[in-house]
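These notes concern the structure reproduced below.
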Amino acid sequence: MLPPDLRTAEAEAFASLRSALAGDPRGRWTMELRFEGLRLLPVVLRLAEELATGAAPIRLLFADAGAAALARRDGPELAECIATFSDHLRQSGSALPIEAGGGLNAPDPGGSGAEVLILVGASQADYGTVESVCQAHVGRVVLVNPGLEGGAVGIGSVGRERRRGFLAQWEAAYALIPLSGSALRRAHPHDWELYRLDPDGYRFAASFDHRPDGEERDGALQGDGLGGIAMTLRSVDRLLDGLQR
């Protein structure tokens, strides 16, 4: 069932992320709330406060200095654990993580990677930096509303290699994504769910054990018959096109 409002979705997202983080000490997770006009920073700061009550310290990383400065202003109690992607790499972990229970803790000199890195709003332009941050961190990483995929990631063999390598490591801890006439939801550890927008609201349409692509969503929304046949033909065309590259 889709959450009725943002705060319910936020609570659901936090619970799903806690579930995901508890299951894998080296997990790579995403959290997506794709509402138009959403002010992401307050959500991220509440997430940081929520996770700070857990067993591991956290670090909040932003793409640029302006976003990091705004986060420090709006979340002064978290300021010591906030940095940019690039600063985190240059400082080699000198930003102080927030300790479980809300206090501050000095960086782990042994580099065990016990802290959870939370990377906010990573774009296609940040691909190389984000990959370096993650390669240097053996612990858990969360990408919040990432935008790493797309043309800038690479085309042809380069793009395929990246999608099979670094990008393939990530799993959705939570996703709530409005689409044209439908919506996608995933709450760890459950399957992906597709909802169709009917005149009386959203109605469950199908579930998937993976994130469905556009053709799979179209096929599920149209049902069997012509919709399913069209999806099959598009899949064959895509396969043939890939073999010719």
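All of the numbers you see were taken from the coordinates with simple rules; none came from a lab. If you're wondering where the values come from, they're calculated on a predicted model, not measured in any experiment. All Cβ positions, glycine included, derive from the backbone under ideal geometry; neighbour counts span all protein chains shown.
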Taking the highest mean first, how do the peptides 46-54, 128-136 order by number of other beta carbon atoms within 10 angstrom per residue? 46-54, 128-136
Taking all pairs of distinct Cα atoms, average 1/r, flip it, and tell me the Kirkwood hydrodynamic radius of the stretch 32-78 in Å to one decimal place. 11.7 Å
Sort Ile82, Ile118 so that the residue with the fewest other Cβ atoms within 10 Å of its own Cβ comes first and the one with the most comes last. Ile118, Ile82
Quick one: if the Förster radius is 35 Å, what FRET efficiency do Ser180 and Glu80 give, using the C-beta to C-beta distance and rounding to 0.05? 0.25
Separation in nanometres of the label points that stand 7 Å from Cα toward Cβ, at Ser207 and Leu6: 3.0 nm
How large is the Rg to Rh ratio of the stretch 1-98 when both quantities use alpha carbon positions and Rh follows Kirkwood? 0.97
